[in-house]
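Any read-out appearing in this document is the output of simple, stated calculations on the displayed coordinates, not a laboratory observation. For clarity, every value in this text was computed on a predicted model and none was experimentally measured. Cβ coordinates were reconstructed from backbone atoms using ideal geometry, including for glycine residues, and neighbour counts include every protein chain displayed.
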Amino acid sequence: MKAHLFLWALLVFWGCSQKNTEEVVESNSKLDSIQEWVSVAKKGKELSLDDRQYYLEKAQISASELPNDTIRIEQLSSISLAYKSLKDSLNFRKTNSHVLKMAEEAKLFKDLGNSHWDLAHFLESYAVLDSAFYHYKKALTYFEKSPTDEFIESRGIILYNMARIQDSYKDYLGAETTITAALEIFDELEDQERIHNCYNVLGVIANGMGDQTKALEFYAKAGDYLNNFDSPKKKKMIWTNKNNIASLYMNMEDFERAKKSYQLLVQDKDFKEEYPQMYIKAISSLAYTILKVDGDFEKAEQLLNEARNLSYQNDELYNLARANQFYAELMVAKGDTSQAIVIAKESREIAKETFNNDRTLDVLKFLANIDNKNAVTYFNEYEQLNKTIQEEERTKRNKFARISWETDQIIEANQILVEEKQAWIGAVMGLLLFGIAALVIVTLYISNSRLKFKQQQQESNQEIYNLMLSQQGKFEEGKQLEQKRISEELHDGILGEMLGIRLILTGLNEREDPASVEQRAQLIEKLRGVEEEIRTISHELNNSSYEKFHNFIVSLEDLIQGIQESSGIACSFSYDHEISWDNLLGDIKINAYRIVQESLKNCVKHAKSKHVSIAFQGVDDKLKLTIMDDGVGFDMNRGKKGIGLKNIISRTKKIKGDLNIESKKGKGTTISVIIPAKYIQSDAMLNTKTVNA
């Protein structure tokens, strides 16, 4: 009978396993098909638009049937972007709205942030800037909810786009605050290209606020960063930077320096061919400066005619309005006022057609000065347009402020809900602890009544009772400390080990020799170790991570050896051989280990070191840990510290140590930690054992 039951259970288990395996295979096959259809729709330029939309519809139907919420939302998000690339705005909006709804229900902040970002970029491309700003703000809010630095770059890009929109509506103070926040992020990431872009926008904002001196400083800084990176867009960035500086001189009416700057710019042979839009603007401005500085009518007219012809050829009506305005001023200088009026009117009509309000205002002011008969009409039109523009800009600025305020209110409301939830949890836990304490007291009272005749057992029970009371008082404090330790263990332990494994696997990815196969097997075993460590950390208030270091020095040697193999950095490790390292307190061992691990991780990710030396020595009744690298170093005066450096500081404080960091740009970094410690030491002379890991 038992044999039959066992056989039946085995068949049921086998059937369930087979079913699960089939479902996984089917899901993976469907996922591959979805990705293939999306790729065909995006890259199949030889196909008709209807055919490409057909593939996306197939992908959308299959994606909606995927069982996993996260994977389903990710695939639908990629499909919505594919619709966007096909300029199918209807299906993009429809799919994006569906993704937003599902992500909101599932509380997937990453997908909510990405979907709002996609929608904001779409609206910005259609010049719906106020709505684009709203969705950029929503995306930023969701990315800021992430407890890690995973979305720090995305936050910087979104802030940059928001600042550009604010500048376009002349919300200069808001734009300056936003772009400064973006600059701080890109400076921390050392993203030279985006730092250049931020300084460029700061120059535009300063110019808009009338501070041309500050604008020149920002443009100069932007130009300095152009030498620090390579990009396919670098030539255009250089031309744009030079044009911005020349335009600024022109706005300052420093026509001499403006002329020299424009002459240097148009001398570049590739400029006209590769950037005709800016070339037209540059030669128009150059003609104007020649007119102002040299009074050379012939040269100025030649350049303006070239700019006008190129504007017609390239359908650059926006720049044509500018060239016509300068040409009209040239006609006035030559004494042909009637022709100047005709050309200025053409400029005004083109400016209106291209919604160039600033140009329209300039031309109206110019016409009012040269056409005395209609001066009042032009002046009234100028006043009406200027008033309308100011009201629209004020409305937009108020709307941006309202969006920011409403978003902050939502964040504040969510924070209140979280605090209320925590308060309820605390109250429930307090009641539970009170009930447990009451139960313990009652139980002990009954036990003490029964144990009046058992003196020996009474003493034992009394000791247990006192221990329980002592632990109750420390429960909350221990819980908070354990939560902080778990956070640091995840960052310093798991991430550090997985970084090393990832770097080694990247190098072994294309190699199939036996040594590589064996090494991959070892790394897989190491991943199992990481899995075990994650499991260990997940058990609340578990102290087994501390007990893992049964051989402290071997653990350090393994760590240093792994970093050396994964990164190619030469590492050396020395320690006092006569110190009984395994008899150190658990807190000292785990925190010293994590300090070394975090420091080596910084050497790999940031310092670009070629050699790192680690020394662990005994000094009187203290321990001295020194980590020295020959990397690029960093500026000690920088106010903001990364999470790695903060963890080193936190761990040093935990063991009541003294931390000293010395670093200079290009001179490497030295980290010294003095640790008060009690350890067993033999009477023999202290020797130093050096291990080249």
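Principal axes first, then extents: for the Cα atoms of the range 609-651, list largest minus smallest coordinate on each axis, whole Å, largest first.
Projected onto the principal axes, the Cα atoms of the range 609-651 cover 34, 27, 16 Å.
I'd like the Karplus ³J(HN,Hα) series for the range 64-75: coefficients 6.51, -1.76, 1.60, θ = phi - 60°, whole numbers in Hz, and an x wherever there's a Gly or Pro.
After applying 6.51 cos²θ - 1.76 cosθ + 1.60, I find 5, 9, 5, x, 7, 4, 4, 5, 4, 5, 4, 5 Hz.
Return the loop-located trypsin sites (Lys or Arg not before Pro) in the range 206-245 (DSSP other than H, G, I, E, B) with at most 15 other Cβ atoms within 10 Å of their own Cβ; answer none if there are none. Could you put the intermediate results ahead of the total?
Working: sites: 214, 221, 233, 234, 235, 236, 242; in loops: 233.
Here the trypsin sites (Lys or Arg not before Pro) that fit, given the DSSP loop and packing criteria, are 233.
Per Stokes-Einstein, at 20 °C and 1.002 mPa s, what whole-number D in µm² s⁻¹ belongs to the range 317-404, with the Kirkwood radius over Cα pairs as the hydrodynamic radius?
For these conditions, the coefficient is 155 µm²/s.
Considering only DSSP states other than H, G, I, E and B, which trypsin sites (Lys or Arg not before Pro) in the range 95-127 qualify as loop sites with at most 12 other Cβ atoms within 10 Å? Please report the intermediate quantities before stating the final value.
Numbers: sites: 101, 107, 110; in loops: 107.
When the trypsin sites (Lys or Arg not before Pro) of the range 95-127 are filtered for loop state and at most 12 Cβ neighbours within 10 Å, 107 remain.
Rounded, prolate or oblate: which fits the range 224-379, taking a ≥ b ≥ c as square roots of the Cα gyration tensor eigenvalues, rounded meaning a/c under 1.5, else prolate when a/b beats b/c?
Judged from the Cα gyration tensor, the range 224-379 comes out prolate (a/c at least 1.5, a/b above b/c).
Please report Rg (one decimal) and Dmax (integer) in Å for the Cα set of the range 232-315.
12.3, 39
If contacts are Cα pairs under 8 angstrom and at least 6 residues apart, what is the relative contact order of the range 163-281 in percent? Please report the intermediate quantities before stating the final value.
Numbers: 115 pairs, mean separation 19.9, N = 119.
Relative CO of the range 163-281 lands at 17 percent.
Any idea what the relative contact order of the range 317-404 is, in percent, if you count C-alpha pairs under 8 Å spaced at least 6 apart?
Computed over the range 317-404, the figure is 22 percent.
Just the Kirkwood number for the range 549-691, please: inverse of mean 1/r across all distinct Cα pairs, in Å, one decimal.
Radius from the Kirkwood sum: 15.5 Å.
What is the Cα centroid distance between the range 277-315 and the range 564-595, reported in whole angstrom?
One Cα centre to the other: 70 Å.
For residue 623, list long-range residues whose amide hydrogen, built 1.01 Å from N in the peptide plane, is under 5 Å from its own amide hydrogen.
Result for residue 623 returns 675, 677.
What are the extents of the Cα atoms of the range 117-204 along their three principal axes, listed from largest to smallest and rounded to whole Å?
Sorted largest first, the three principal extents are 31, 29, 20 Å.
What pairs in 601/653; 292/387; 622/654 have C-alpha atoms more than 22 Å from each other?
Cα-Cα > 22 Å for 292/387; rest within.
Looking at this model, which pairs from 352/373; 235/667; 233/299 are more than 25 angstrom apart at the alpha-carbon?
Check vs 25 Å cut-off fails for 235/667; 233/299.
I need the semi-axes of the equivalent ellipsoid of the range 184-243: take the C-alpha gyration tensor, multiply each eigenvalue by 5, square-root it, list largest first in whole angstrom.
Working: eigenvalues 76, 40, 13 Å².
Semi-axes (√(5λ), whole Å): 19, 14, 8.
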